[in-house]
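See below for the structure under consideration.
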Amino acid sequence: MNRTLVTQFFILGFSETPGLRTLLFYGFLLLYTVALSGNLLIVVVISSSPALHTPMYFFLVNLAVVDILCTSTILPELLVGMVASKTISYGGCMAQLFCFTWSMGAELLLFSAMAYDRYVAICRPLHYGALMGPRVCALLAGVVWTVSLINTSVNTSLLLRLPFCRSNVVEHFFCEIPPLLKLSCAPTQLNEAMAFTADIFLAVGNFSVITLSYCCIIASILRMRSAVGKRRAFSTCSSHLLVVSLYYSTVIYTYIRPASSYSLDKDKLVSVIYTSVAPSLNPLIYSLRNVEVKAALRRLLSGC
């Protein structure tokens, strides 16, 4: 048997009802436009403003780059499939899987790095300069991108070893591990075990670290005497925790169970959250409503 009998995949996507398909097309086009423009704006504004060259905004730039990678990997192909061919080549499918898994792992790790930054800023403010210096930030960013790259390399390599001879119809709107494993005519236990292990480390492990960090942060906030300081700190924490909880819960739901339990409609809806909705909301939640970012944006626009 050849390594694979499939040269291209047919992406099932969403509803074929003309009215609903048109609505979904414009909905995803809007999400992609917001995600791309919002995250690009964050990168430009922070990069061009020396006042924002701090650890918190350094990680926000990394998060914006991850969101651009994620949405640009998934949504353009999805939009093309809604108006033209729904097929994707074998190589294109594997490349999409690789880039998406890389961005997803980096996003999960970046949430932990951002939580650590907030922990040091609120709980150990006198040591912030030493604990979050440029070298430490660069090291944390390097770890984020490298670990996520290793994770996607391992999982994609294991998937490349599988023969696909049952069907070429992917019951999803992009190439993701669970629906692709259902198409293999070879045992997939090793793939499922590696995906499960990666999810335990990247999702459950990092979420535990974030939860512990925020327990310490909340305890520190409650000891503050300033009511204004408490409100400001709680506002920052609640926004971060909301996005983190939404993102982690959907990723854990998708990857921490056997591929055999994959459900078409339910899983596609869950995947929309972490591939399209979250990257669109991140600029609004983390940066665009921030006073410092708004001031930097006004300075940038006034100088044009």
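For the reader, a short list of remarks on this structure follows.
- Protection-proxy order for peptides 81-93, 47-59, each taking the mean of Cβ atoms within 10 Å per residue, highest first: 47-59, 81-93
- Mean projected area in nm² (Cα convex hull; one quarter of hull surface) for the stretch 8-291: 15.5
- The chain, relative contact order [Cα under 8 Å, separation at least 6], %: 28
- Remark: the stretch 155-244 carries 49 Å² of accessible area per residue (probe radius 1.4 Å; ligands, DNA and RNA excluded).
- Percent accessible area from carbon and sulfur atoms, the chain, protein chains only, probe 1.4 Å: 69
- Local electrostatic count, residue 155, Cβ distance below 13 Å [Lys/Arg +1, Asp/Glu -1]: -2
- Rounded to the nearest 20 debye, the dipole magnitude of the chain is 880 debye, with +1 charges on Lys and Arg beta carbons, -1 on Asp and Glu beta carbons, and the Cα centre as origin.
- Between helix 134-160 and the chain: long-axis angle, C-alpha atoms, 0 to 90°, nearest 10: 10
- Rounded to the nearest 10 degrees, the inclination of helix 90-123 to the longest alpha-carbon principal axis of the chain is 20 degrees.
- For the stretch 1-106, the relative contact order comes to 41 percent (Cα pairs under 8 Å, sequence separation of at least 6).
- Charge tally in the Cβ shell below 12 Å around residue 122, where Lys, Arg are +1 and Asp, Glu are -1, residue 122 excluded: +4
- Helical content of the chain, expressed as a calculated mean residue ellipticity at 222 nm, amounts to -23500 deg cm²/dmol (DSSP H runs of 4 or more residues, -39,500 (n - 2.57) each, divided by residue number, nearest 500).
The values are calculated or read from the model by the stated rules, or taken from the named source; none is laboratory data. The model shown is predicted, which means the values in this text are computed figures rather than measured ones. Cβ sites come from the backbone with ideal geometry, for glycine too, and all protein chains shown count toward neighbours. Heads up: the accessible areas ignore ligands, DNA and RNA and are worked out on the full protein's heavy atoms, side chains in. Shrake-Rupley method; radii C 1.70, N 1.55, O 1.52, S 1.80 Å.
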